[in-house]
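The values are calculated or read from the model by the stated rules, or taken from the named source; none is laboratory data. Quick caveat, the model's predicted, so the values are computed rather than measured. Cβ coordinates were reconstructed from backbone atoms using ideal geometry, including for glycine residues, and neighbour counts include every protein chain displayed.
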Amino acid sequence: MEKLIIEGGRPLHGQVRISGAKNAALPLIAATLLAEGVHTLTNVPDLRDTRTILRLLESLGITWERQGSTLRIDSTNLVYSEASYDLVKTMRASVLVLGPLLARLGKAKVSLPGGCAIGARPINFHIKGFEQLGVTCRLEQGYVDAEIEGRLQGCTINFDIPSVTGTENLVMAAALAQGTTIIKNAAREPEIANLVDMLTAMGAEIEGRNTDCLTIHGVERLHAAESEIIPDRIEAGTYLIAIAATGGKATVTHCNPAHLPSLLDKLRAVGMEITETEDTISLNATGGGPIKSVDITTRPYPGYATDLQAQFMALMALNDGVSMVHETIFENRFMHVAELQRMGADITIDGRTALVKGVGRTGFTGAPVMATDLRASSSLVIAGLAAQGRTEISRIYHLERGYEQMVEKLTALGARVWKEQE
């Protein structure tokens, strides 16, 4: 097992290219199950999670090949409908094959998902929606066993709260349903719009892109298509926060600033100088002044992203004031706090709220820490980059689930970072 070594205290400078979005690539890869033929996906990141879902597709009879960031997936010979625990246990997004399998084969048996231990994240939204589409679902021995006779039947689905994977799963299934399906209180993340664009290219008829009400007019067949994965807004946000925390001046390229409205507002409020173009964001933190304290509350998109909460907390721990971080999405997403405290952070947790008392720009000291989930991992990287001395981060397989070539990208920005065996 590998660990990440960081010798901190070096401002980040230069440019960093953003990869395709993990959270968009996974549902688009799953969507290829809906139609036979060879699908082409471009700007696909090479991550632990994308490799996992491709192995899952292989287990269902699908073949694929990768050339650089381009994937060609031949879903013609889809013959199996069971996604085993061994493949699903490490990645919650594996549940996204449920909708396409039901729509195309009329049956699916998918293990209850795993992934980061940041909260329950139940799939009851998925199951309830499928049952409304006419599916019989049974939970047996850790699996969702679902089947339907004939085609799925269009209906109206109301989410109690927006669910990203729930919206994605049901949109994919409804694309091949008989009649019209309306999803109310749907999630609005850019990754869902990316999926809608792919389904439309495949022949689906969907209204309401980028809104919380999606109307899907089911069609009898879909066909293979070519689609491009959008830039990873969470990766872009992570590097922007890292530049801010180290007092650097750098540009993230091949990104979409329109996907990060809340974060950019918060970074400006913190005191960062930010310049945007159509596909770049430049951040200048070299003024030398203190980091201003800013409160954040995580919300569904376009609110502040829960996937950028841990990283921003690391930045707030370096300010000269007091800030509040309120987590509304997941009930167990403060596991990084104990590790940040090992590096000198002054953070107190009360339920879903963290009180962060800043220790100043130079208040962190390098220490051995342990990654507990994907985004917690990146918060520890940010803390290590800003800290004085050497930080060792163990269990970095979490990090490799969602960040492509992070060591190479940070090194190009002037950081001293490398991997070693535990």
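Given the conditions (1) of a type in the set (D, E, K, R); (2) more than 21 Å from Gly9 (Cβ to Cβ); (3) touching a residue at least 24 places away in the same chain (Cβ under 8 Å), report the number of the one that Arg342 does not fulfil.
Here Arg342 meets the rest and fails (2).
Does Gly114 satisfy the criteria of being among the small types (Gly, Ala, Ser), at pLDDT below 90 and under 27 Å from His336 (Cβ atoms)?
When the stated conditions are applied, Gly114 passes them.
Within the bounds of the stretch 217-230, is there any residue that is more than 30 Å from Arg17 (Cα to Cα) and among the β-branched types (Val, Ile, Thr)?
Taking the stretch 217-230 first, the residues more than 30 Å from Arg17 (Cα to Cα) are 217-223.
Going one step further and asking which of them are among the β-branched types (Val, Ile, Thr), we end up with 219.
Yes, the stretch 217-230 contains at least one residue that is more than 30 Å from Arg17 (Cα to Cα) and among the β-branched types (Val, Ile, Thr).
When the stretch 375-400 is examined, which residues are found to be more than 15 Å from the chain's Cα centre (by Cα) and charged (D, E, K, R)?
Matches in the stretch 375-400: Arg390, Glu392, Arg395.
Looking only at the stretch 244-284, count every residue that is in contact (Cβ under 8 Å) with a residue 60 or more places away in the chain and farther than 19 Å from Asn23 by Cβ and tell me the total.
Matching residues across the stretch 244-284 total 9.
Residue by residue, here is whether (1) in the same structural domain as Gly106 (by TED's automatic domain parsing); (2) surrounded by fewer than 24 Cβ atoms within 10 Å (Cβ to Cβ); (3) outside any helix (DSSP H, G or I) holds:
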{"position": "Arg151", "(1), (2), (3)": "yes, yes, yes"}
{"position": "Pro162", "(1), (2), (3)": "yes, yes, yes"}
{"position": "Leu170", "(1), (2), (3)": "yes, no, no"}
{"position": "Thr181", "(1), (2), (3)": "yes, no, yes"}
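Give me the residue from the stretch 134-154 that is without any contact (Cβ under 8 Å) to a residue 40 or more places away in the chain and touching a helix residue (DSSP H, G or I) at 6+ places or on another chain (Cβ under 7 Å) and, out of that set, nearest to Glu82 (Cα to Cα).
Cys137
Which of the residues belonging to the stretch 300-339 are of a type in the set (Phe, Trp, Tyr) and either free of Cβ contacts under 8 Å to residues at least 40 places away in the same chain or not assigned by TED's automatic domain parsing to the domain that holds Thr365 (or both)?
Phe334, the sole residue that qualifies.
Results for (1) part of a loop (DSSP other than H, G, I, E, B); (2) surrounded by fewer than 24 Cβ atoms within 10 Å (Cβ to Cβ), shown as yes or no for each residue.
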| site | (1), (2) |
| --- | --- |
| Gln341 | no, yes |
| Arg361 | yes, yes |
| Val369 | no, no |
| Ser379 | no, no |
| Ala383 | no, no |
| Tyr403 | yes, no |
| Glu408 | no, yes |
| Thr411 | no, yes |
| Glu420 | no, yes |
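Go through the stretch 58-73 residue by residue and tally those that are surrounded by fewer than 22 Cβ atoms within 10 Å (Cβ to Cβ), in contact (Cβ under 8 Å) with a residue 12 or more places away in the chain and closer than 16 Å to Ala25 by Cα.
Qualifying residue count, the stretch 58-73: 4.
Could you look through the stretch 2-33, keep only residues that are among the charged types (D, E, K, R) and surrounded by fewer than 24 Cβ atoms within 10 Å (Cβ to Cβ), and pick out the one that is nearest to Arg233 (Cα to Cα)? Steps first, please.
Our first condition is that a residue be among the charged types (D, E, K, R); within the stretch 2-33, this holds for 2-3, 7, 10, 17, 22.
Still in the list and also surrounded by fewer than 24 Cβ atoms within 10 Å (Cβ to Cβ): 2-3, 7, 10, 17.
Working: Glu2: 26, Lys3: 25, Glu7: 26, Arg10: 24, Arg17: 12 Å.
Across the stretch 2-33, the extreme among qualifying residues is Arg17.
Check whether at least one residue in the stretch 106-117 is of a type in the set (D, E, K, R) and closer than 21 Å to Pro190 by Cβ, and report yes or no.
The answer is no; no qualifying residue exists.
Can you pull out every residue in the stretch 235-294 that is touching a strand residue (DSSP E or B) at 6+ places or on another chain (Cβ under 6 Å) and acidic (Asp, Glu)?
Glu273 - this is the single residue of the stretch 235-294 that is touching a strand residue (DSSP E or B) at 6+ places or on another chain (Cβ under 6 Å) and acidic (Asp, Glu).
Any residue at all in the stretch 327-337 that's among the basic types (Lys, Arg), buried (at least 22 other Cβ atoms within 10 Å of the Cβ) and not in a loop (DSSP other than H, G, I, E, B)?
For the stretch 327-337, residues among the basic types (Lys, Arg), buried (at least 22 other Cβ atoms within 10 Å of the Cβ) and not in a loop (DSSP other than H, G, I, E, B): absent.
Would a scan of the stretch 300-318 turn up a residue that is assigned to a strand (DSSP E or B) and touching an Asp or Glu at 6+ places or on another chain (Cβ under 6 Å)?
no
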